[in-house]
């Protein structure tokens, strides 16, 4: 069975119900999403937005309340649909009795790899993730960053066509993040689909070519990264705008809000901005500021989710530091 | 929505997928091997075999001090040349029976203690999610874990019971091969109890609770087996019916021990069909319920 989409969901929904109280909580609310084959797709959302539940439904760890999910056109509930999938879970707990090589061998066997392929691939992957000297060491002696790299090797073990990575750089230092990013970049152009579930905006912004943002279990935004980030605009703030002018302006603007007694709105181009300014002058409004802008993923995220910058700044600074290091090198 | 075909990337490069087997046998073997590795790492494997070895050494020591001859004299059995062999044989047969029953109880309890954690451990968050992401069915996952645990215990039973058999036979020169029936019977009994461990493990993810329920079930089974005596004491019809019903539902740990005694002593034709069949039915239903619950759970 072939499909143009590595992941395809239709109205996928998960509602949790408390047994005693009967209270319900909608983790994912009828999500319809399509991830093209070969894309690098980032799934964003605030904590509790439903990202991990969505991923778990794709991999049949969580049963959907309604809707369907398919992997390469095959129903995700069928265990065979997961054969071309490699998965690195968030908060993984790999059995500590394994050595690095032993763990790869075990999960490789579960994926259906032959003993010969497993042996060859273990050597390749340990080298790729920089753990070639650690293959015979029990993983209880591994650091968090080493475990993440080993987890990534595990996900790549059987050369899957779809990599689902849930917070792959969680707990990893900047150098380790760069290493992981380099490994993933190495898959670019190979046809492997990478589905990245992350709360690190700049990680998604620099790596992914598609992004979807979840808000309270709903798909708040989905699009091609380049389209979203080149969304230039002009933010205009004006006072004393009468009702009629306000109606005209808001119909032209992509976003608008009233801040204290001023109207702040965004238009998509300089031409639109000139038209809006003409309207404001004709209505006798006082133009306070005209600022050209360039949307970042952070802007979009904040706009969509209503998150505050301070809430996402600490992790962003860390990632930004990593990015800066990378540029300097 | 960016779902149009125009956004698709071309598939290029030399990333060639590997040929992947769909054989369930490979997965089954991998799951069994994983269970054995975990048992080894948790010292359960070594603990089980270590305690069995201690018991074997203890028997060796007991027989080394010629307790057989001493016990024969103590019991007042005639030791004249004409009847000596017969009486020794009778004594050894009785000794075999007691030893077999001891090993049956010892082995089962030890095995339950050793294995109670092996099912819940695989259901830990962060571990089960990854296992479920592999192309294996949930029943296969549970079955592999069950089989791995059973294999560890079966190997220990073979080791312990065969060693005791060899020691007694070597010392007395009386070889009762029927003693070895203790291996399949003890293993079968454990296989039945293990399904309860699996079910409670799936429902509660608690090793302690699995252990408590399994041990309690063994005691209840022994209690229910005294039905002839207890039913006579019960005054109401419904309580007698309840006792009888429970007796037929619960696995027959006690009766399986009796079957083993009968097989070793060769005294009566063993009444094994009902205990084995009802216990096997109990195990099958319990395991199917465990699979059903496991398939419905979110992790």
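The values are calculated or read from the model by the stated rules, or taken from the named source; none is laboratory data. Being a predicted model, the structure only gives us computed values, none of them experimental. Cβ coordinates were reconstructed from backbone atoms using ideal geometry, including for glycine residues, and neighbour counts include every protein chain displayed.
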Is there a residue in region B:274-289 that is in a loop (DSSP other than H, G, I, E, B) and at pLDDT below 90?
-> no
Restricting attention to region B:236-273, the residues that are assigned to a helix (DSSP H, G or I), under 19 Å from the mean Cα position of the chain (by Cα) and within 23 Å of residue B:216 (Cβ to Cβ) number exactly 9
Looking for whichever is touching a helix residue (DSSP H, G or I) at 6+ places or on another chain (Cβ under 8 Å), more than 13 Å from chain B (Cβ to nearest Cβ), assigned to a strand (DSSP E or B) and more than 17 Å from residue A:209 (Cα to Cα) here; the options are A:12, A:31, A:44. Which one fits?
-> A:12
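To keep it simple, each residue is scored yes or no on (1) away from chain A (no Cβ under 14 Å); (2) surrounded by 14 or more Cβ atoms within 10 Å (Cβ to Cβ); (3) under 30 Å from residue A:57 (Cα atoms).
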{"site": "B:200", "(1), (2), (3)": "yes, yes, yes"}
{"site": "B:213", "(1), (2), (3)": "yes, yes, no"}
{"site": "B:223", "(1), (2), (3)": "yes, yes, no"}
{"site": "B:241", "(1), (2), (3)": "yes, no, no"}
{"site": "B:250", "(1), (2), (3)": "yes, yes, no"}
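Which one is nearest to residue B:99 (Cα to Cα) among residues in region B:21-44 that are more than 9 Å from every other protein chain (Cβ to nearest Cβ) and crowded, with 19+ Cβ neighbours inside 10 Å?
Applying the filter and picking the extreme gives B:44.
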Going by the structure shown, is residue A:105 more than 8 Å from chain B (Cβ to nearest Cβ), modelled with pLDDT under 95 and either touching a helix residue (DSSP H, G or I) at 6+ places or on another chain (Cβ under 8 Å) or not in a helix (DSSP H, G or I) (or both)?
-> no
Of all residues making up region A:234-253, the number that are modelled with pLDDT under 85 and either in the same structural domain as residue A:206 (by TED's automatic domain parsing) or in a loop (DSSP other than H, G, I, E, B) (or both) = 1
Considering region B:266-299, residues that are free of Cβ contacts under 8 Å to residues at least 60 places away in the same chain and surrounded by 15 or more Cβ atoms within 10 Å (Cβ to Cβ), and then whichever is farthest from residue B:90 (Cα to Cα), we arrive at B:278
The lone exception for residue A:228 - which of (1) in contact (Cβ under 8 Å) with a residue 40 or more places away in the chain; (2) within 13 Å of another protein chain (Cβ to nearest Cβ); (3) touching a helix residue (DSSP H, G or I) at 6+ places or on another chain (Cβ under 9 Å); (4) not in a helix (DSSP H, G or I) it fails | (4)
Residues being in contact (Cβ under 8 Å) with a residue 40 or more places away in the chain, within 13 Å of chain B (Cβ to nearest Cβ) and not in a strand (DSSP E or B): count how many of those fall in region A:64-82.
-> 3
Out of B:163, B:116, B:147, report the one residue that is more than 14 Å from chain A (Cβ to nearest Cβ) and surrounded by 20 or more Cβ atoms within 10 Å (Cβ to Cβ).
-> B:116
Right, residue A:34: more than 24 Å from residue A:198 (Cα to Cα) and assigned by TED's automatic domain parsing to the domain that holds residue A:138 or not?
-> no
State the number of residues belonging to region A:148-176 that are within 11 Å of another protein chain (Cβ to nearest Cβ) and either out of contact with any strand residue (DSSP E or B) (no Cβ under 8 Å at 6 or more places or on another chain) or part of a loop (DSSP other than H, G, I, E, B) (or both).
-> 5
